[in-house]
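The values are calculated or read from the model by the stated rules, or taken from the named source; none is laboratory data. None of these values were measured; they are calculated from a predicted model. Reconstructed Cβ throughout: ideal geometry from the backbone, glycine too, with neighbour counts over all protein chains shown. Protein only, heavy atoms only, side chains kept; ligands, DNA and RNA dropped before computing areas. Shrake-Rupley method; radii C 1.70, N 1.55, O 1.52, S 1.80 Å.
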Amino acid sequence: RETGKKYRLPTEAQWEYAALSNTTSNYWWGRPLGSGRAHCFDCDSGLNPREPTRVGRFNPSPFGLYDTAGNVAEWVRDCWHADYNGAPADGSVWEGGDCSQRVVRGGSFLNTGKSIRAKARSKWDSQKGYDSVGFRVVREP
């Protein structure tokens, strides 16, 4: 209400495009995980792998986004589907499937580097809260 704008969760396709910042690698910064780039269980960040850290501790992506890999995983709007067969080709939200489970992207501080890759995805019960899952919003035009 304060801004007069509409906000929503990104679709899975929008989240992945933004997380990769128009690249084709495992992470927006390239193929190897490296060190000091993200907060995850084996990210070699020097941070406590049992709790999240403040947003913006690491460099932003070329799109100016922080923490798209690790720290906390992020909810997206899409219902869970085991694969992309039948997914919308235009990046819109994919309803149907199992909507009691929603897609979570980006991995968290609890995950390994392999699990925080931009293309990694998981499903979580949409009716529960988790200390390792947060959200990022999209402002509609």
(request) Please figure out what share of the DSSP beta bridges in the chain is antiparallel and state it in percent, rounded to the nearest 5. (result) 80 percent
(message) Quick check: at a probe of 1.4 Å, how many percent of the accessible area of the chain sits on carbon and sulfur atoms?
(response) 49 percent
(request) State the extension gain, in nm to one decimal, for the chain segment bounded by SER122 and ARG31, taking 0.36 nm per residue of separation less the distance between their alpha-carbons. (result) 30.7 nm
(request) Taking only the C-alpha atoms, wrap a convex hull around the chain and report its volume per residue in Å³ as a whole number. (result) 126 Å³
(message) Counting other C-beta atoms within 10 Å, and keeping those with at most 11, which DSSP coil GluC sites (Glu not before Pro) do you find in the stretch 1-84?
(response) GLU2
(request) Skip the ligands, DNA and RNA, and give the accessible area per residue of the chain with a 1.4 Å probe, whole Å². (result) 59 Å²
